[in-house]
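Report on one structure; see the data block that follows.
The values are calculated or read from the model by the stated rules, or taken from the named source; none is laboratory data. Computed from a predicted structure; not experimentally measured. Ideal geometry is used to build each Cβ from the backbone, glycine not excepted, and the neighbour counts take in all protein chains shown.
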Amino acid sequence: MDETTPALRIAVLVKHVPDTQFDRHLNGDDRTTDRSESILSELDEYALEAALQLVEAHGGDGAGHRVTAVTMGGAGAVNAVKKSLQIGAHEGVHLTDDALAGSDASGTSRALAAVIRHLGDVDLVLTGMASTDGETSLVPAQLAELLELPQVTFASSLELRHDGGAWHLTARRESDNVAETVESTLPAIVSVTDQINEPRYPNFKGIMAAKKKQISVLSLADVGVDPSEVGHAGAWTRVEDAQPRPARSQGVIITDEGDAGRRLVDFLAEQKLL
Amino acid sequence: MAKVLVYIDTPGENLHKTDRELLTLAATLGEPAVALVGELGDQVAAELGAYGVGAVYQPSNAGLDELLVAGKAAFLAAAAEAADAGAVLLGNTFEAKEIAARAGIRLSSGVITDAVAVDESFAVTKAVFAGSYTVNASVTTGRPIITVKANSVEAAAPQGGTAPAVHPVDVAAPAAARITGRSEKAPSGRPSLDEARIVVAGGRGVDGDFGPLEDLADALGGAVGASRAATDAGWIDHSAQIGQTGKTVSPQLYVSAGISGAIQQKAGMQTAKIIVAINKDPDAPVFEIADFGIVGDLTSVLPQATEEIRKRRT
């Protein structure tokens, strides 16, 4: 371990999404997401918490580390950044441009890759495991491909160490039948699961401090992206139509009178499930 | 007829069920071909031939496995170009979706995940917002790359055929993190949640003992799942979690035991064909979507059902 470690720059991608506690809707001719009841994505809170814990593990705020919350989208999108600043991010970036409307995963990835390049000296990009709205979980992987960075997805633990003049990461990754240890040098991009930590809530001090933190508002021109590469124009996929699924109707409800197990088996036999 | 390239990762001795489903689907859309990572055994080669696969593409360099998904994605993109594939099909696991995402960037091609149906023009049907909308979507740029949910098509029985020709594909190793340690978890002997026709899932009401659920799952040949409350309590491995932040399953039968059925849990299971719910609380929201609900104690209902199934089968 080196005596002095250089300051880390961590970019956390955050998104405002429809609150999953309520019914969600697709709107308009282009069937895009209705974001009127939106919050900071629950899954992004784990990424932000991971960033803050890395800062704390390596000397804290005094060591000059910077956590930058990055988002893109219309005026409402900035709320995800504001919430992140209240929780503890040091600064915010909001990419906003009318031409972004209707971006698919690839367009979103191109725009975010341009923002990361624009920031310049980013050591680590952190994201949640998926967005809770698009549910495609394509963006972190596409971002890594565009930035040509090593990537770790679904990290359930994440540690950094500075050694031999470079930052190194060690992460743990679990799937159904295997647990893996993964290593890489920085810069890198890591998506974290909801098992990695317990996100903190903003406190009063944090909420007051956030008011003084800076949010840079950037346009596509600022980050060097041609409007034809994003939005409806740059999309590689198209939603042709969307139908609300008929609500599931309630079936038969019985109260157990000592024979419910057998009646359950009768039901399964009727449905030819045995 | 355009080639439809199916991505298969480490088939082992026999093809997995989801691989057979993808090959069956590919044959309805064009000429099936395979991009294969891992060993190609004689048995698998014969099976591929029986599904009408004429060409198998394999990486010419070893060691892609330890490069996480980046190396596999680079290979898949190279194979799609070598095959001049009209479309690429993958399974719908987290890893397959990542590989699809990256291959999409490399091929400048649109990616659609979570497909439940794909037609001859590669238009895709999928559910969004946890099954509250059904969406038809299509890829407008490049070779359509589509990840298909398990159980979306019935796997056809393989018939005859000859072993396919093998084509090596050169892949340059991309920037990637390396896997430096790996420990296998003990196999449960049950089908995986992604593939299972039947899922028995438990929540807070299980109160620590998944035994009665495992017994019923085994009697039915199903997999065991759990709500986040149960995995957070440490009663069962996190990989069993179904819901918003876990897996999404669409089995023929979903048995929900001791799960209240809040919206985050519904997100993972409401596209199941038949839902059976057992809960002590008659007001549990899960009953609103259950085809058959039992207000009762799972510790007496489940063992009775398990015993009855075993009795009827003898």
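Number of residues in the stretch A:98-112 that are in a helix (DSSP H, G or I) and surrounded by 23 or more Cβ atoms within 10 Å (Cβ to Cβ): the value is 8. So in the stretch B:302-314, with the set limited to residues that are of a type in the set (A, V, I, L, M, F, W, C) and closer than 13 Å to A:ASP266 by Cα, which one is surrounded by the most Cβ atoms within 10 Å (Cβ to Cβ)? Per the stated criteria, the residue is B:ALA305.
Evaluate the stretch B:27-50: report whether one residue or more is surrounded by 22 or more Cβ atoms within 10 Å (Cβ to Cβ), in the same structural domain as B:VAL139 (by TED's automatic domain parsing) and at positive phi. So far as the stretch B:27-50 goes, no, none of its residues is surrounded by 22 or more Cβ atoms within 10 Å (Cβ to Cβ), in the same structural domain as B:VAL139 (by TED's automatic domain parsing) and at positive phi.
If you go through the stretch B:225-248 and keep only what is away from every other protein chain (no Cβ under 12 Å) and either of a type in the set (D, E, K, R) or surrounded by 24 or more Cβ atoms within 10 Å (Cβ to Cβ) (or both), you end up with B:ALA226, B:SER227, B:ALA230, B:ILE242. For the stretch B:124-144, a residue qualifies if it is more than 7 Å from chain A (Cβ to nearest Cβ) and free of Cβ contacts under 8 Å to residues at least 40 places away in the same chain, and the qualifying residues are B:VAL124, B:THR125, B:LYS126.
Of the residues making up the stretch A:168-199, those that are under 22 Å from A:ALA69 (Cα atoms) and touching an Asp or Glu at 6+ places or on another chain (Cβ under 6 Å) are A:LEU186, A:PRO187, A:ASN197, A:PRO199.
Residues in the stretch A:67-97 that are part of a helix (DSSP H, G or I) and either in contact with a Cys (Cβ under 7 Å, 6 or more places away or on another chain) or in contact (Cβ under 8 Å) with a residue 40 or more places away in the chain (or both): A:GLY76, A:ALA77, A:VAL78, A:ASN79, A:ALA80, A:VAL81, A:LYS82, A:LYS83, A:SER84, A:LEU85, A:GLN86, A:ILE87.
Name the residues in the stretch A:150-160 that are at pLDDT below 95 and either buried (at least 23 other Cβ atoms within 10 Å of the Cβ) or more than 10 Å from every other protein chain (Cβ to nearest Cβ) (or both), would you? The answer is A:PRO150, A:GLN151, A:VAL152, A:THR153, A:PHE154, A:ALA155.
Pairs linking a residue in the stretch B:147-159 that is farther than 23 Å from B:ILE112 by Cβ to a residue that is in a loop (DSSP other than H, G, I, E, B) and modelled with pLDDT of 90 or more, with Cβ atoms under 6 Å and 6 or more positions apart or on different chains, are B:PRO158/B:TYR51. Based on this model, can you work out whether B:GLY258 counts as farther than 26 Å from B:TYR133 by Cα, outside the structural domain of B:ALA96 (by TED's automatic domain parsing), surrounded by fewer than 20 Cβ atoms within 10 Å (Cβ to Cβ) and not acidic (Asp, Glu)? Answer is no for this residue.
Mind counting the residues in the stretch B:199-208 that are in a loop (DSSP other than H, G, I, E, B) and crowded, with 24+ Cβ neighbours inside 10 Å?
1
So, B:LEU25, is that one touching a residue at least 60 places away in the same chain (Cβ under 8 Å), within 27 Å of B:GLN159 (Cα to Cα), touching a helix residue (DSSP H, G or I) at 6+ places or on another chain (Cβ under 9 Å) and more than 11 Å from chain A (Cβ to nearest Cβ) or not? So B:LEU25 does not fit the description; no.
Taking the stretch B:268-286, which residues are touching a residue at least 24 places away in the same chain (Cβ under 8 Å) and either within 23 Å of the chain's Cα centre (by Cα) or closer than 28 Å to B:VAL135 by Cβ (or both)? Within the stretch B:268-286, B:GLY268, B:MET269, B:GLN270, B:THR271, B:ALA272, B:PRO285, B:VAL286 meet the criteria. Scoring A:GLU135 on the criteria (1) more than 7 Å from chain B (Cβ to nearest Cβ); (2) within 16 Å of the chain's Cα centre (by Cα); (3) at pLDDT below 95 leaves a single failure, condition (1). Note on the stretch B:35-143: enclosed strands (runs of 3 or more DSSP E) holding 1 or more residues that are aromatic (Phe, Trp, Tyr) and at pLDDT 95 or above are B:55-59. The residue that is modelled with the highest pLDDT, counting only those in the stretch B:149-198 that are within 14 Å of another protein chain (Cβ to nearest Cβ) and part of a strand (DSSP E or B), is B:ILE198.
For the stretch B:273-299, a residue qualifies if it is assigned to a helix (DSSP H, G or I) and more than 7 Å from every other protein chain (Cβ to nearest Cβ), and the qualifying residues are B:PRO285, B:VAL286, B:LEU298, B:THR299. Counting only strands (runs of 3 or more DSSP E) that sit wholly inside the stretch A:178-228, those with at least 1 residues that are closer than 23 Å to A:THR96 by Cβ and within 14 Å of another protein chain (Cβ to nearest Cβ) are A:188-192. Just one of (1) among the β-branched types (Val, Ile, Thr); (2) under 18 Å from the mean Cα position of the chain (by Cα); (3) within 26 Å of A:SER156 (Cα to Cα) fails for A:VAL93. It is (3).
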